[in-house]
């Protein structure tokens, strides 16, 4: 396993983070990953040297199930060997203060999260989204206090407008509060425009980037066949069954071009497209990039971890970069 | 013309500014707007109550500023709010927003305009090669010296504008109070975040290209060739379907109101809750007169919404 400092923090993490969004999740009544499968996956990740595990208070059905699975697994392990991240924002319960980033909800949620994980502290605590209804000062003061109390080591921010992330950093600077050091945007080889500014902020401010959906929900594994309309023909049993949403979210003309480039590089390197797509993220040089890989099975996890055995030449990275631009025109961003 | 407050500043401006990018501009061996036409345009604008004049050091390589300056010499400088910009520079052409460049450009601009001070001094674009601290410290000093009243910023990524405001806050410097993004009924999504910052921070918004480069004048049609001499046949446009839909909606409302499409598009923009004062461009006296006709146009809520919703 390779390790890296998490951006400008002093914490060292494995080059890939394990995402536990599927733990205890029910899709159409069917449990995606049950507790014993979850523990097998965590065992395999840890055996490969992985130490960075990502969850959220709302993962699993009911909410908190993913954190519980991880907590039960950690009970037999040394907590100090792992870097644990969780999140707050989305509705945990139906109460009027059951969601968002107000002091009351954040205070309530950190206790539940620590309890379920069976730990005294989180390494990273993310705001899962921006809360337009709560002043960012209140949120940051609350999180800063949690750092003082030893309940959190580092603050993180997931998806939001680039200028709001900038405003949050500004607020921390002016008020002398802990600042967001870790980010978690949607970022993968096939997706660029909407996240470009966000990544510019990360580069400018030396923030770590831990992309979620690094394989575009599976699109960049190459398991989908192109339909005549530019969408996907979904294989049986894949997430493509939900392919209306999936197509809107992950599939584009540019995406197919990127996939072609990724598959060509994979052939050259005797690697899988998923491995190449993950390695491309790890190779980002403007900021520390630690992709969050999910997995349904140990085989999938092993394939994903195999990304670290792949090395890409400058030329191969550039061919994937080039495919991300539909044409030279789109390189010219609005403004600068 | 109605007067409005320029964002969080103490300055009052007319509800439209006059854009002067065509003044003295040479192309195809001719001049887009000659000095005497330009003075007629400025007269028409001032006669209608306009007080806010917008130029830049780069417009016709300084000729626009000279033309405005010659006209101002016959007027009372204090009656007008004059804005200029730098980035594409006349003297310090190898730098954009360094201290050296700003120091050189402001002198040229004041000299050409024949004035001791600018009301608003915009950075025309963001300079990735110069620390924003250096730019803001230099601009702040110009305010101390009385050469500039307010700082402005034209087009930039929303987060960079935010970073600039952050820098001013932390360093105790004057901050950008006026913005000049491209914004109109047919160009909205790319500027959404930028306008969010302006609203969040109480900044004035003075949009350029209010007619989307002529698309909203009704001169252009989906399947027809652009008219002779118009900008449509010199630049290759990439007009999206929803932009055409906005143009159609604007034309339909114009028919109902017995107004021109340009007047309707300008009214939509001037009434937009995020907008302080759109910048009217004009190449000819006829065009400024048509554009000023916006002062007699008002839109019903339903008409506004049809234009707004066409950009779906």
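We did not get these values from a lab; they are worked out from the coordinates using the rules stated. Note that the structure is predicted; figures quoted are calculated from it, not measured. Methodologically, a virtual Cβ is constructed for each residue, glycine included, from the backbone with ideal geometry; neighbour enumeration extends over all protein chains shown.
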Point-to-point label distance, residue B:289-residue A:77, nm (Cα→Cβ direction, 7 Å offset): 8.0 nm
Stokes-Einstein at 20 °C, 1.002 mPa s, Kirkwood radius from Cα pairs: D for chain A in µm² s⁻¹? 105 µm²/s
Shape call for the protein assembly as shown, from the Cα gyration tensor axes a ≥ b ≥ c (a/c under 1.5 means rounded, otherwise prolate when a/b beats b/c, else oblate), comes out prolate
From largest to smallest, what semi-axes in whole angstrom does region B:58-149 give when each is the square root of 5 times an eigenvalue of its alpha carbon gyration tensor? 23, 15, 9
Shape call for chain B from the C-alpha gyration tensor, a ≥ b ≥ c root eigenvalues: rounded (a/c under 1.5), prolate (a/b greater than b/c) or oblate? prolate
Arrange A:181, B:63 by Cβ neighbour counts within 10 Å, fewest through most, would you? B:63, A:181
Report the label-to-label distance for residue A:267 and residue A:298 in nanometres (one decimal), using points 7 Å from each Cα along the Cα→Cβ vector. 3.4 nm
Would you order B:84, B:64, B:14 from fewest to most other beta-carbon atoms within 10 Å of each residue's own beta-carbon? B:14, B:64, B:84
Suppose the chain between residue B:143 and residue B:94 were pulled fully straight at 0.36 nm per residue; how much longer would it get relative to their current alpha carbon spacing? 15.2 nm
To the nearest whole number, what is the average tally of beta carbon atoms from other chains within 10 Å of the beta carbons of peptide A:252-263? 0
What shape does region A:3-184 take by its C-alpha gyration tensor, where a ≥ b ≥ c are the square roots of the eigenvalues and a/c under 1.5 counts as rounded, a/b above b/c as prolate, and the rest as oblate? oblate
Using a Förster radius of 51 Å, what is the FRET efficiency between residue A:311 and residue B:111 based on their Cβ-Cβ separation? Nearest 0.05, please. 0.30
Given a Förster distance of 22 angstrom, what is the FRET efficiency for residue B:43 paired with residue B:77, based on the Cβ-Cβ distance and rounded to 0.05? 0.85
With axes computed from alpha carbons, what is the tilt in degrees of helix A:253-269 against the longest principal axis of chain A, rounded to the nearest 10 within 0 to 90? 80 degrees
Using a 10 Å cut-off around each Cβ, can you sort B:288, B:102 from fewest to most neighbouring Cβ atoms? B:288, B:102
Shielding score for B:155-168, defined as the mean number of other chain Cβ atoms within 10 Å: 6
Tell me the angle of helix B:35-47 to the major Cα principal axis of chain B, expressed in degrees between 0 and 90 and rounded to the nearest ten. 80 degrees
Measure nothing but the geometry: give the 0 to 90° angle between the long axis through the Cα atoms of A:162-175 and the longest principal axis through the Cα atoms of chain A, rounded to 10°. 30 degrees
Once both label points are put 7 Å beyond Cα along the C-beta direction, the residue A:30-residue A:103 separation in nm becomes 4.7 nm
Explain nothing, just the number: relative contact order of region A:3-184, from Cα pairs under 8 Å at least 6 residues apart, as a whole percent. 17 percent
